[in-house]
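To start, the structure itself, in structure tokens.
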Amino acid sequence: MRPEKVSDLQEELEKRFLTYALSTIVSRSLPDVRDGLKPIHRRILFAMESMGMNAASKHVKSAKIIGEVLGKYHPHGDSSTYESMVRMAQDFSMRYPLVDGKGNFGSMDGDSPAAYRYTEGRLTAITAFLLRDIKKDTVDFRPNYDNTLKEPVVLPSRIPNLLINGSSGIAVGMACSFPSHNLHEVFSALISLIDQPKQSITSLMKHIKGPDFPTEGIILNSKVELRKAYESGSGAIKIRGEWKIEDLPRGKKQIIITSIPYAINKAKMIERIAEIIISKKLPPLTDVRDESDEKVRVVLEIKNTADPEKLMSYLFKHTDLESNFQLNFTCLKPNGEPSRLSLIEICREFLEFRKQVVTRRLKYELSLLEKRLHILAGFAAIFNDLDKALKLIRSSKSRKEAHDKIKKHFKLDDEQTSAILEFPLYRLVSLEMEKIIAEQQEKLKEKKKIISILKSPKKISGEVRKELEEIDEKYGDKRKTKFGASENIEFNAEDFIEHEDVHIVLSQNGWIRKLKTLSDPSSLKFKENDQLLDVTPCNTKDLLGVFTSLGIVYVAKVYNLPYTRSGFGEPIQSLFKFADGEKVIGMIRLPDNPENVDENGQSSLGFADEEEIMVASANGFGFRFPISNLGETTRSGRKIMTLKNDDRMVGFAPVTHDYLFLATAKGKAVVIATEQVAQLTGSGKGVILMKPGDSRLAGIKFVDLKDKVTLGFDAGKDKDISVKSVRLCNRGSQGVIVSKRKTILKIT
């Protein structure tokens with residue numbers, strides 16, 4: 001028995017994964033720098049050319065095209081193959097489409113194309129320049145997947161398709177993203193590179209200004225940024241949609257978006273704008289409407305008082321109306337090696353490829369000329385002794401005998417002799433022979449010209465230059481994408497907030513509502529086993545602070561809270577990230593900027609300068625902290641009070657008086673001086689305010705000694721007591737009994 005071959009698993013995995021990665025890179029994901037195509041696109045175009053589907057032919061069912069591609073060249077999925085064909089037909093995906101599609105081939109709104117049994121296609125006129133001379137031995141061919149046919153390794157493209165149409169793909173460990181460019185600019189750069197090979201990127205960019213996207217738009221990058229991206233083959237192109245103001249009757253105006261960034265889904269962008277309108281984050285914008293046909297036209301209805309510049313600046317920041325196109329010039333070099341190239345390297349690789357194609361084409365044409373001249377030389381040999389040739393043919397009993405006699409007498413080879421025997425007799429007249437001699441002389445001139453070109457690299461470059469000029473003259477067009485400076489108009493999101501008075505309603509189980517009007521809180525309805533916790537009147541420009549039992553405060557702008565039109569509102573957990581067992585204990589209206597106080601030291605909500613908030617826990621701990629510590633938080637909130645063991649935060653209140661009233665659930669109360677409560681600038685446990693013993697703190701309230709407080713009991717009846725009736729103590733005492741039998745739930 002032969003011993004089993006043993007190999008290391010890690011080495012085997014590495015080797016096989018590398019094989020897979022290289023296969024993906026070369027055979028699927030990265031385009032070739034020469035024709036700018038991936039294998040799937042190359043096979044589709046070659047199959048369509050083989051079927052005779054040029055720009056002048058009739059459209060053919062896409063199903064037939066896909067069947068031809070799959071059956072002969074590309075043994076993969078029909079859906080991915082059809083998607084590749086569709087993209088080559090979309091004028092919003094490709095700057096110069098390679099397929100002329102008929103039927104539904106999708107839209108900028110992300111609509112899917114119709115199935116391939118419903119659509120038709122043919123090659124566009126410009127695609128002919130990718131395939132021209134393919135039958136003149138200009139490129140190498142390789143066997144197809146079942147070794148029954150040959151397919152081109154690369155197309156003999158006369159156009160730098162990689163630059164003018166771009167490409168994108170994701171391979172294993174690498175990706176590519178080429179933007180499209182203007183054909184006239186690219187051809188102008190290539191011609192200049194032929195004339196002056198030693199150029200810099202800066203010099204080349206006098207011709208290629210930057211990308212030119214099919215969906216138009218405005219490029220915001222500076223020349224320096226574009227130069228760096230072209231030098232390194234990597235960068236980001238910032239592109240913004242175009243807009244204009246359209247006047248309406250009665251002095252009204254509306255904004256018209258006339259273009260959007262490349263590869264952006266227009267429908268989703270409009271949905272995002274609609275969401276902003278519905279959530280009232282941009283009140284000057286009242287409606288959005290899509291009136292697009294062949295051209296983009298998105299209508300934005302605005303209020304008369306709206307500032308269009310600020311409004312659009314907001315949309316650029318919060319929607320896809322401004323986006324980045326990542327530039328990554330990774331492609332396959334002629335030797336099959338993936339590499340990231342600069343712009344000038346891509347141009348040079350293409351020109352070198354064109355020189356090779358022209359050389360191979362000329363050699364092919366030269367070989368055809370030599371074959372024809374060889375035949376013409378045979379005709380010329382028998383012209384002066386035509387009678388002898390005819391006599392030899394007549395005296396022969398078979399074609400082979402005639403062939404041998406002619407060959408021997410006139411000293412010709414088999415090819416020349418066969419051509420003479422197949423030549424029609426009527427053409428052996430003097431007039432026809434004159435044409436043959438004229439053709440011979442013409443062919444000799446062509447041969448001499450081709451040999452002269454092949455001997456001179458400069459003349460080969462001249463041929464390439466001539467071809468480029470011919471295509472540029474025919475298909476060169478103006479830029480679609482403009483250039484502009486990145487004008488960052490300063491705006492504050494709060495500039496767009498409507499000043500509107502609202503009421504925030506919070507239930508004990510954590511259901512929150514934002515109502516425009518609230519005449520009677522007692523008329524509010526709640527879920528079963530739930531009831532009102534607090535009602536706070538606010539303005540949409542205010543902040544709302546929500547305190548919880550775990551010592552956390554969540555602060556949000558009131559205008560960000562959703563309006564409640566019916567029902568019980570929204571669970572507060574949908575707005576903030578609550579932990580398990582975390583419950584709300586109350587809320588407070590905060591000024592939009594606690595540090596913004598007037599000359600009298602009053603903020604917009606009447607808080608005095610250096611105003612403080614007091615917090616207290618069930619175990620009797622508490623402290624004061626500046627209200628300026630509270631600002632807008634994330635969904636996770638901010639830790640205010642450090643709680644140990646099973647302690648919970650039970651109360652908070654703005655510091656408004658010189659004394660603090662505290663009571664426990666089992667009926668003890670105490671009054672202490674506010675100045676005895678420590679102030680903390682950050683989160684902490686605080687100091688002991690009152691010793692609740694075997695009970696817990698029920699609540700706190702700031703008072704004057706002449707005030708009265710209301711105790712809320714579990715039995716449902718309230719009791720008013722005088723603050724003077726409770727002994728004034730130092731903090732940390734157990735207090736005096738104010739209720740013997742009833743449990744205190746709250747203090748108001």
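The values are calculated or read from the model by the stated rules, or taken from the named source; none is laboratory data. Bear in mind that the values here come from a model prediction, so they are computed numbers and not experimental data. As a convention, Cβ positions derive from the backbone with ideal geometry for all residues, glycine included, and neighbour counts pool all protein chains shown.
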Check your understanding: Just to be sure, is Ile277 within 24 Å of Ala306 (Cα to Cα), surrounded by 14 or more Cβ atoms within 10 Å (Cβ to Cβ), more than 20 Å from the chain's Cα centre (by Cα) and at pLDDT 95 or above?
Key -> no
Point to revise | Residue check for Ser157: part of a loop (DSSP other than H, G, I, E, B) and more than 25 Å from Pro334 (Cα to Cα) | key: no
Review point. How many residues, within segment 646-678, are among the β-branched types (Val, Ile, Thr) and in a strand (DSSP E or B)?
Key: 5
Revision key, fill the gap. Here the residues within segment 281-309 that are among the β-branched types (Val, Ile, Thr) and free of Cβ contacts under 8 Å to residues at least 40 places away in the same chain are Thr286, Val288, Thr305
Review point. Being over 21 Å from Asp646 (Cα atoms), of a type outside the set (A, V, I, L, M, F, W, C), in the same structural domain as Pro626 (by TED's automatic domain parsing) and not in a strand (DSSP E or B), is that true of even one residue in segment 687-701?
Key: no
Exercise for review: Could you pull out the residue among Glu337, Glu352 that is surrounded by fewer than 16 Cβ atoms within 10 Å (Cβ to Cβ), modelled with pLDDT of 95 or more and out of contact with any Asp or Glu (no Cβ under 7 Å at 6 or more places or on another chain)?
Suggested key: Glu352
Exercise for review: Output the qualifying pairs, or none if there are none: Cβ atoms under 9 angstrom, residues six or more apart or on different chains, first residue in segment 106-122 and surrounded by fewer than 15 Cβ atoms within 10 Å (Cβ to Cβ), second residue part of a strand (DSSP E or B).
Suggested key: Asp109/Asp290; Arg117/Lys61; Tyr118/Lys61
Point to revise | Close pairs (7 angstrom Cβ cut-off, 6 or more residues apart or separate chains): basic (Lys, Arg) in segment 658-673, part of a strand (DSSP E or B) anywhere | key: Lys668/Val736; Lys668/Ile737
Point to revise | Residue within segment 105-127 that is closer than 22 Å to Asn335 by Cβ, touching a helix residue (DSSP H, G or I) at 6+ places or on another chain (Cβ under 7 Å) and not hydroxyl-bearing (Ser, Thr, Tyr) present | key: no
**Study point:** From the options Met88, Met94, Met108, residue that is touching a Leu at 6+ places or on another chain (Cβ under 6 Å) and either part of a loop (DSSP other than H, G, I, E, B) or not acidic (Asp, Glu) (or both)
**Key:** Met88
Check your understanding: Among the residues of segment 191-212, is there at least one that is at positive phi and buried (at least 20 other Cβ atoms within 10 Å of the Cβ)?
Key -> yes
